[in-house]
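Notes for the one structure printed next.
The values are calculated or read from the model by the stated rules, or taken from the named source; none is laboratory data. Every value quoted in this text rests on a predicted model; they were computed, and no experiment measured them. So basically every Cβ, Gly included, is an ideal-geometry build from the backbone, and we count neighbours across all protein chains shown. Surface areas here come from the heavy atoms of the whole protein model, side chains and all, with no ligands, DNA or RNA. Shrake-Rupley method; radii C 1.70, N 1.55, O 1.52, S 1.80 Å.
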Amino acid sequence: MPRQSVDEMWAQMLAGDYPRLSNMRRMWGALPSPPRCKLCNAPFRGPGGLVMRAIAYGPSPLNRRLCKWCIRAVSRHPGGAEIDISLLFADVRGSTALAERMAPEEYSRLLARFYVAAAEVIDEADGIVDKFVGDGAVALFIPGFAGEAHASRAIDAACALLAETGNDGGDPWVPLGAAVHTGRCYVGAVGEGDVRDFTALGDAVNASALLADQARAGELLVSSDAAAAAGLDTASLESRTLELRGREQRMDAWVVASRAGTRGSETRTPEPSTPGNS
């Protein structure tokens, strides 16, 4: 039997067809508690975290979102594969004004609270926190980890994050805009030497970020690709055709959640696109 190539191994892992990783994620997932390794699901806190550190599965000093074992495995087998995934971007709205009127330490605590809320919601939906960048969070919903319903899980996670931060009505403790998009990405270990991370690259990632820029405070925008992948009922949702900065093609999206109404709110008259407020 021919030896499996690294790219074939990555393709199987990302699709959920690599038995060893699937078994590890299921086994470690039964131990408390989050946050967890992005790849093998090993817990970093609670009783499970103590066990993991005892057997050298604790957070790697090279990348705190991966365990030491996975860092070694990724270093031995760098690579990745192209696969359809769903991406969730969420950004604090009006962050410049918030930072201006808050003490630096107070603003830091606000963002830390947002990071914790986002990580918990994403973890519960079987997504992977890709990164926290300034006032934003990026999550990947990969078939091998989130299942074939990865688009639905990403949408549900985004709605849950808006609710958790008070953006589903009333006065939020941090104003957020969010977006979900589904598309083909290169997912895997990217970088060289010690500067290597598990992440996603490609036009779909850029499009997701630009779509999130268009979401107003309290809104979740779902691209038509993500809506189709999720089998979303759009009959009662507002549609928008958006011009995304730096892209020739417009993007069709649906307003799945807004501060004026939760998921599945009444149909509204489409409005022209406006630049995002970040």
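Amide H to amide H under 5 Å from GLY94: which residues, 5+ apart in sequence or cross-chain, H placed 1.01 Å off N in plane?
Under 5 Å from the amide H of GLY94 lie the amide H atoms of SER278, each far enough along the sequence or on another chain.
Within region 139-155, which residues have the backbone N less than 19 Å from the label spot 7 Å out from VAL133 along Cα→beta-carbon, could you tell me?
Counting only backbone N, you get 139-142.
Leaving out ligands, DNA and RNA, what percent of the accessible area of region 159-212 is carbon and sulfur, probe 1.4 Å?
53
Can you grab the distance from the C-alpha centre of region 90-104 to the C-alpha centre of region 40-66, Å, no decimals?
Cα centres, region 90-104 to region 40-66: 32 Å.
Two-decimal Rg/Rh of the chain from alpha-carbon positions, Kirkwood Rh?
On the way: Rg = 19.0 Å, Rh = 19.4 Å.
Over the Cα atoms of the chain, Rg/Rh equals 0.98.
Given axes a ≥ b ≥ c from the Cα gyration tensor, I'd like to know whether region 77-226 is rounded (a/c under 1.5), prolate (a/b larger than b/c) or oblate. Walk me through the numbers on the way to the answer.
Numbers: a/c = 1.98, a/b = 1.45, b/c = 1.37.
Prolate is the answer for region 77-226, as a/c is 1.5 or above and a/b outweighs b/c.
Going highest first, how would you order 122-129, 11-18 by mean Cβ packing within 10 Å? Intermediate results must be reported in sequence, preceding the final value.
Values: 122-129: 21.6, 11-18: 18.6.
For the peptides 122-129, 11-18, the packing ranking is 122-129, 11-18.
Would you work out what percent of the accessible area of region 89-133, with all protein chains in place, is carbon or sulfur (probe 1.4 Å)? Mind showing how you got there, number by number?
Numbers: 1280 of 2380 Å².
Ligands and nucleic acids excluded, carbon and sulfur give 54 percent.
Per residue of region 20-28, in order, report the coupling 6.51 cos²θ - 1.76 cosθ + 1.60 (Karplus, θ = phi - 60°) as ³J(HN,Hα) in whole Hz, putting x for Gly and Pro.
Once rounded to whole Hz, the list reads 4, 5, 4, 5, 5, 4, 5, 5, 5.
Specify, per residue and in Å³, the volume enclosed by the convex hull of the alpha carbon atoms belonging to region 30-134.
Numbers: hull volume 14.4 nm³, N = 105.
Taking the convex hull of the Cα positions in region 30-134, it is 137 Å³ per residue.
Return the percentage of antiparallel bridges among DSSP beta bridges fully within the chain, rounded to the nearest 5 %. If you can, show how the numbers build up before the last one.
Details: 43 of 46 bridges.
If I count the DSSP bridges inside the chain, around 95 percent turn out antiparallel.
Whole number in Å², please: accessible area per residue of region 203-252, 1.4 Å probe, ligands, DNA and RNA not counted. Kindly include the intermediate steps, with their values, before the conclusion.
Working: 2300 Å² over 50 residues.
Ligands and nucleic acids excluded, the result is 46 Å² per residue.
Measuring with a 1.4 Å probe in the full set of protein chains, what accessible area per residue, in whole Å², belongs to region 14-150?
Here the residues of region 14-150 average 47 Å² of exposed surface.
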